[in-house]
Amino acid sequence: MTGKPTRWRALFETQWKWTRSVLLLISLTTFAIPLLSLRSSVGARDESLFISSMQTWAVAYAFAAAGVGLLTAMLAWAYDHRLRHVYALSLPIERWRYALMRFTAGITLIALPIATLLVGAEIVAHSALVPKTLHSYPIALTLRFTFAALVAYSVFFAISSATARTAGYILAAIGLMFALNIVLRAAGSRIDLPGYLTDLFLAAPGLLAVFGGRWMLVDV
Amino acid sequence: MCERRSWRAGAACLVATFAAQTALAQSTVEYAKRVDSLTAVWRVAVAAQVRADSERVRRLPLDTIREGNLIVLSDSAYATLAKATAAIVSSELERSYGSWAARMRTHILVVRRPARRWVVDDSSTVESGVASADGRVLMPSSTFASTEALSAAWRRQAEVALSSDLTPALREWLGVATRSDPVTARTLAAGRVDLVLSRSRAAHDCALGTIASCSRALDLVAVNEPAFTLFDERERRDLIQWYSFVLRLREPSKYARCTAGQQAACDSLIRSMPADVIPRPVSPAVRLNFVRYALLIGGEGAFDRLANTEGTVADRVAAAARMPIDSAVTRWQANLMSSASSSTTMDAATAVSSLFWACLCGALALRSSRWR
C-alpha cells in the first residue's frame, strides 16, 4: 500500500465526485422500490392479485436500471467533453486504456444502487407481509437489475464516447432503413424491416431484451 | 360534428332516393331473375360440396396397420409413416396406461391425405384422427407428415380416447383427459402454481399444510354446503357478483340488501344457488396433478387399478397409489409444496446475452477515435 494513488483510483475518485449526488439519489430509489411494491401489494385479496400488484412495479426496476446506466455513463464523459479532452490528452497513456479505466470506474460506481436494491429486496423477502405460499427471489431480481444497468451503462458509455460523425452514421443508417422499408412496401414486398429491427433489439437475445420480461421479486 | 354527420346522412338518403327512382321496372325484374338463377347455382354447388364431403368422410383409408395395441387405417402413401409412428406411440401408451392401453384396439386411428391443401402436390401434411363407429373421423387434426408430429397428434387423441373409457364419475371428477407423457419432478411442481393461485379458502389452507382441506379442495370427500365450507366470505361475495345477472332478477330484494352489506342476505342468496353452479375449489389441473402423483407412487399397474377399482373416486385413487387416501394426499401435498421453485426473473440466456452486449458496447467505446 503506497501513499500515491494509482491512475485508475484517481480517475475513479474524480468520477465519484461527479456522480455521487445522482448515484445516492438513485440508490435511495432502488432501495425504496421493493419496499413500495410490497406496501402497494399488501392487502391484495389473494396470491394471484398480490403477484400481479408486485409485477406492476417491473417498469420501475427497468427505468431505474436504465437511469443508473444513462447517468453514470453520461457523467463519466461530461467533464472530458466540456474541457475538450485536455486532461485526457495530457496523460501519458493510450486512448483505449484511458477509456477502459473510465469504463471500469463507472461499473464500480454502479455497484452502489445495486447493493441498495439487494438490501431493499432482502427486507421484502424476509417480511411477514409476503403470503407464506409465495416465494421471494431477491437475488434473481438483483441480478437482472445488475445486467440491465450494465447493458444501459455500456450502450450510453459507447454513445457518449463516440464522435459526432459516428452518431451521424447511426442516424443515417436508421433513416436509410426506414427509406428502404418504404421502397420495399411500394414494391409489394412483405419484408418488415422496422419489425425485424425491433425484434433484434427487444426480443431475446436482443440488446434491450433484459429490460423486458418479468421482474418478479415475489412469485409462486 | 353532429351537424356535419346528420348533413352527410341526409345527403346519402337523398342520393339513394333519386337512384331508386331512376331504376327502371324492367331492370329490377331482370336483376331479380339473375339473383334467382345465381341462388339456384349456389344451392347446387353447396349440395355438391356437402355430398363430396360426406363421401370423403365415409371413404376411410383401406390399408390397415396393426402395431401393438394400435390399429391404424392409413392411405397407402402414408403406410410406412403410420407403421413407424404406431410403434412409437403404442409402446408409450403401454408404459403410461399399462393394460388399459389395450382399449386403443377399439379406437381406430386414421391417417390420410388432408381435405384441403394450399398446394396440390403438397405431401408435407397429413390428417389424423380417430374413426367413429359410423365412419366419421373424430378429433381431426392436420400435422406434418413426420413421425414426431404424427406421434404427438396420436398421443393427444389416444389420451382423450382412453380417458373417455373411464367411468363417468371419474371422468367428471377429473375434468380433463389423462396424460401419457412421463411424470417428472418438473411437471408435478407445476401443480404448485395451480394450487397456490386457486381462489378458494380450501386450496389456500391446503397449500399451507392442512391435509383435511386438501381432501376437500380435491373433492375427495363429501362436503356439506360447499360454498360455505370451501370459500370464505369474500370469495362468496365474488360468487354473488359473478352471478349478479341472474340473482338481481330472481331475488331483487335479497340482492339489494346483500349489496348494501347485509351478510344474512348474501348467505341466503348463496343458499338459493343450485349446487352445480358452485365452482370447484381447484382447477382440473390440480386434480390431474394429484392423480399423476398417485400413479407415479403406485408403480406397476397403477392406471389399471385407477380405472378398474370399484368405489368412489377416493377409493380408486387410493388403489392406484397403493396406500390410504389420506396418506396419498399428505405425501402429494408435501411433495408439491417442497418442490424446487425457480425464479422466472433471471435465466442464463439473458445473463449471457447481456454480458455479450455490454462487452460489445464497451469494446466499441474503446475503439472510438474522438481524440486520436
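Only the coordinates and a few stated rules stand behind these numbers; no lab work does. Note that this is a predicted model, so its numbers are computed, not measured. We place every Cβ from the backbone using ideal geometry, glycine too, and count neighbours over all the protein chains shown.
Using 0.36 nm per residue of separation minus the Cα-Cα distance, give me the extension gain between B:LEU60 and B:VAL193 in nm, one decimal.
Extra length available between B:LEU60 and B:VAL193 comes to 43.5 nm.
At q = 0.15, 0.17, 0.18 Å⁻¹, what is the log10 ratio I(q)/I(0) for the range A:7-219, with the Debye formula run over Cα points and no solvent?
For the requested q values the scattering log ratios are -0.99, -1.11, -1.17.
Could you pull out which residues in the range B:172-199 have an amide N less than 13 Å from a spot 7 Å beyond the Cα of B:THR309, following the Cα-Cβ vector?
Zone members listed by number: none at all.
If you rank B:ASP134, B:ASP238 by fewest surrounding Cβ atoms within 10 Å, what's the result?
On the way: B:ASP134 7, B:ASP238 16.
Neighbour counts put them in this order, fewest first: B:ASP134, B:ASP238.
Based on the Cβ-Cβ distance from A:ARG165 to A:TRP96, what FRET efficiency comes out when R0 is 22 Å, to the nearest 0.05? Display every interim value, and only then the final one.
Numbers: r = 18 Å, r/R0 = 0.84.
In this case the efficiency is close to 0.75.
Using the Cα centre of the range A:7-219 as the reference point, and only Cβ charges (+1 on K/R, -1 on D/E), how large is the resulting charge dipole? Debye, rounded to the nearest 20.
For the range A:7-219, the charge dipole is close to 620 debye.
Quick check: pseudo-label points 7 Å beyond the Cα along Cα→Cβ at B:SER272 and B:ALA348, how many nm apart are they?
Label-label distance for B:SER272 and B:ALA348, simple model: 6.0 nm.
Quote the relative contact order of chain B in percent (integer), defining contacts as alpha-carbon pairs under 8 Å separated by 6+ residues.
Numbers: 413 pairs, mean separation 45.4, N = 372.
Here the relative contact order equals 12 percent.
For a bin width of 20 Å, list the pair-distance distribution of the protein assembly as shown built from all Cα-Cα distances, rounded to whole %.
That works out to 14, 28, 34, 21, 2, 0, in percent per bin.
Quick check: the distance between the Cα centres of the range B:230-253 and the range B:159-191, to the nearest angstrom?
32 Å
Give the range of the longest stretch in chain B that excludes all GluC sites (Glu not before Pro) found in loop regions by DSSP and having at most 12 other beta-carbon atoms within 10 Å.
Answer - B:1-299.
So for the protein assembly as shown: antiparallel DSSP bridges make up what percent, rounded to the nearest 5? Before the final figure, lay out each step's value.
Working: 18 of 21 bridges.
Bridges in the protein assembly as shown are about 85 percent antiparallel.
Using alpha-carbon pairs under 8 Å, 6+ residues apart, how would you state the relative contact order of chain A in percent?
30 percent
Using the membrane-span-like helix rule (whole DSSP H runs, Cα extent along the own axis of at least 15 Å, mean Kyte-Doolittle hydropathy at least -0.5), which helices of chain B qualify?
Helices meeting the criterion: B:2-22, B:25-58, B:79-97, B:147-164, B:185-196, B:284-298, B:325-338, B:348-367.
Quick test of the membrane-span-like rule: which DSSP H helices of chain A reach at least 20 Å along their long axis (C-alpha atoms) with mean Kyte hydropathy at least 1.0?
Membrane-span-like by this rule: A:95-125, A:138-161, A:164-186.
Within 10 Å of each Cβ in A:42-54, how many Cβ atoms from other chains are there, averaged over the peptide?
Taking the mean over all residues of the peptide, I get 2.
Return the loop-located chymotrypsin sites (Phe, Trp or Tyr not before Pro) in the range B:126-234 (DSSP other than H, G, I, E, B) with at most 11 other Cβ atoms within 10 Å of their own Cβ; answer none if there are none.
Listed in order of number, the matching sites amount to none.
Got a sec? How would A:LEU23, B:LEU62, A:LEU197 order by Cβ neighbour count within 10 Å, fewest to most?
Least crowded to most crowded, the residues run B:LEU62, A:LEU197, A:LEU23.
Packing-wise, with mean Cβ within 10 Å as the measure, how do B:258-266, A:57-65 rank, highest first?
Taking the mean over residues of other Cβ atoms within 10 Å, the ranking is A:57-65, B:258-266.
By count of other Cβ within 10 Å, fewest leading, how are A:MET74, A:MET54 ordered?
A:MET74, A:MET54
May I ask you to list the trypsin sites (Lys or Arg not before Pro) in the range B:134-181 that are in a DSSP loop and have at most 16 other Cβ atoms within 10 Å of their Cβ?
B:ARG136
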